[in-house]
Each structure stands twice: as structure tokens, then as C-alpha cells.
Amino acid sequence: MWLYLLKRTVLAVAIIVIAVTLLFVMIHAVPGDPAVVLLGPHATPELIARLHQQMGLDRPLAVQLAFFFGGLLHGDLGFDVFSQRPVGDIVFEQLPYTIELGLVSILSAFTVAVPLGCYSAMRRNSVIDQVVGVMAVSTIAIPSFVMAVYALLIFAVALGWLPAIGAGNGFWDRLVHLILPSFALGIGWVGYISRLVRASMLETLGENHIRMARSFGISEWRIVANYALPLAILPTVTILGVGLGSLLSGSVFVEVIFARPGIGSLIVNAVNTRNYPIVMGAVLVTTFIVVIATTLSDLVNAALDPRTREGL
């Protein structure tokens, strides 16, 4: 297990380095000068050159990348000349909003999807199983930003039941403001997780130890809860870690549509203004979160299922 942990750590660091390098090159390939965006089209060449020097844009690209990685080793994500604040402070101010949106979305989806998947597996080919299957495919096929627009129009504009924009103030107000965004972001995962649990549950229910449990007269619900579900849930644990990247990418659209603060809105605004330090800092933090979540899901999967340790 320790050797596996070491390998996963080295792989995580390599992924972060490669991702940051590629992003750095792509950002600088985007047309547009951040100095001109900040100073305006009528800025003098002297002012533009001075801002380039402050932002480090007068150096070669390789030197800029080396300075960026050097700052990372000291925990420095750079300095934002637009707001005259450290990039780390700006990013970590917005990060909690995205984390709470992602956690509420995936936990609510998980809470609904696992019982649906279990019931569909126990009532295979029944009417309810077919209805759940159709709904699952439908929700998976609809993008989160489309779901967000329709949820906003129906529940906020037409019916007026829920707030349309913002993150709210106070615990209960923030919770109410999370209902529509988390629904739009998590509804697709309800279908995906329910079908995954159903398929894994059907396979598990056909194994020998389940047949043995039935021969002892144990009730079906107890067999599912105590013997089948702990094994059937393992693929879902792995998918949750990998799917965090999809949640973060989907949160970009959801945060923009509902005018919520968060990493997604921060990245969109930074890209529009060519604010390189903010884009680099925000994407670096999200990449780090995705890599750590994927690694943890693999470790949890290895801990829950001894069979996966054989290849470690």
C-alpha cells in the first residue's frame, strides 16, 4: 500500500506539472494583450511596456514558466496587478463557494441514486426499473447548463419559488440559494450513478456468497444492505473521484448562469480580461483538487476491496 501511495503521489505531481505547463503555453497563445485590456486602447507604449515589466510579460515564455514554478515551491501563486492583491487570496476567497456547490450536488445525487439503483436491481425489468432507466438516460443526455437555464426559468422566474441569482447570506439563505444550482449540476449524476449501481448490483447479486446468504433464509433487503451493496458501491467510489473534474467544469456554466461567486466565475472573468495570473492560479488549484480526489478515491477503493491490492 505504501509503494502504491508513493507511485500515485509521483504520478499526481507529474500530472500537475504537465497540466500547468500546457495551460501556461495555451494562455499565452490566446490573442490579446492584458496590458491593453487593463490600460485601455489609448494607452501609450511607455505605459504598456511598464505594465509588461510589472507582469513579467517582457521575459521569454520559458523564463516566465520557470519563475511561476519557483513561486509555487514557496506557496506563491503570483500577484494580480488588476486588483493589486495576491492571487492566492483571490482564489481561496472564491474556492469555498465552488466546493460547497460541488459537495451538495454530488451528495444529493448520491443519496437519491444509490437507492434507485438498488431497487432497480432488485426489481429487474419491472415497470419501475424501466421508468428509472428512461429517466436516467434522459438526465445524463441533458447538459448541466441547459438544465440550469430551464430550472432558472421555471422555478425562479415563472413560479418564483426559489432565488435566481447570488449565493445568499447566512446558513439557511445560502442553503436555499444552493437548491437550483445543485439540482442543475447534480441531476445528471443521479442517472449515471443509479445505472452504475444497478449494473454492479446485478453482478454482485449473482455471486456465490449471495446465493449462500439466501439459502440461510436471510431477507432480500438485508442481503442487499449488508452483503451486496458494500461491493456494488465500489465502482461508484472510483467514479466520484474521477467525476470531480466534470463537476468543476460543469460548475463554471452553473455559476455564470446563476451569477454565483466561485472558481468558475473567477476563471471566466479572468479569461475575458486576459488576467493570466488569476487563470493560472485558479486552474492550478482546481487541477490539484481533481488529482488529490482521484488519488484518494483509488486509495479508498483499495482499502474497501482487498482484491484490488493484488496488483499494487
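What's the longest bit of the chain with no exposed trypsin sites (Lys or Arg not before Pro), using DSSP loop states and at most 14 other Cβ atoms within 10 Å as the test?
Numbers: sites that count: 123, 124.
Between exposed loop sites, the widest span is 125-312.
Using only Cα atoms, what is the ratio of the radius of gyration of the stretch 100-159 to 2.2 N^0.38 Å? Present the calculation step by step, with values, prior to reporting the outcome.
On the way: Rg = 14.1 Å, N = 60, 2.2 N^0.38 = 10.4 Å.
Rounded to two decimals, the normalised Rg is 1.36.
For the stretch 51-197, what relative contact order do you get, as a whole percent, if you take Cα pairs closer than 8 Å and at least 6 residues apart? If you can, show how the numbers build up before the last one.
Details: 133 pairs, mean separation 41.9, N = 147.
About 29 percent, as a whole number.
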Quiz prompt | Binned Cα-Cα distances of the stretch 80-227, short to long, each 10 Å bin given as a whole percent | solution = 10, 28, 26, 19, 11, 4, 1, 0
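Which number do you get for Rg(Cα) / (2.2 N^0.38 Å) in the stretch 216-286? All intermediate terms of the calculation are to be shown ahead of the outcome.
Details: Rg = 20.3 Å, N = 71, 2.2 N^0.38 = 11.1 Å.
Here the answer is 1.83, to two decimals.
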Self-check item: Equivalent ellipsoid semi-axes - Cα gyration tensor, the stretch 132-195, angstrom
Solution: 24, 13, 9
Quiz prompt | Spin-label model distance (nm) - residue 23 vs residue 103, 7 Å beyond Cα toward Cβ | solution = 2.2 nm
Quiz item: Hey, what number do you get for the chain at 222 nm if only DSSP H runs of n ≥ 4 count, each worth -39500 (n - 2.57), divided across all residues, to the nearest 500?
Solution: -24500 deg cm²/dmol
Exercise. Measure nothing but the geometry: give the 0 to 90° angle between the long axis through the Cα atoms of 263-272 and the longest principal axis through the Cα atoms of the chain, rounded to 10°.
Key: 40 degrees
Quiz prompt | Added length on full extension, which subtracts the Cα-Cα distance from 0.36 nm per residue, residue 215 to residue 268 | solution = 13.2 nm
Quiz item: Expressed as cubic angstrom per residue, what is the convex hull volume of the alpha carbon set of the stretch 46-127?
Solution: 194 Å³
Exercise. Taking H placed 1.01 Å from N in the peptide plane, check which residues at least 5 places from residue 85 or on another chain put their amide H under 5 Å from its amide H.
Key: 80
Quiz item: In debye to the nearest 20, how big a dipole does the chain give about its Cα centre with +1 on each Lys and Arg Cβ and -1 on each Asp and Glu Cβ?
Solution: 800 debye
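Looking at the chain, I'd like the Rg to Rh ratio, where Rg is from alpha-carbon atoms and Rh is Kirkwood's inverse mean 1/r.
On the way: Rg = 23.7 Å, Rh = 22.3 Å.
Expressed as Rg/Rh, it is 1.06.
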Self-check item: 10 Å binning of all Cα-Cα separations within the stretch 61-104, expressed as whole percents from 0 upward
Solution: 25, 38, 29, 8, 0
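A short reminder: the numbers here are calculations on the coordinates, not readings from a lab. All of these numbers come straight from a predicted model, not from anything done at the bench. Backbone-built Cβ (ideal geometry, glycine too); neighbour counts: all protein chains shown.
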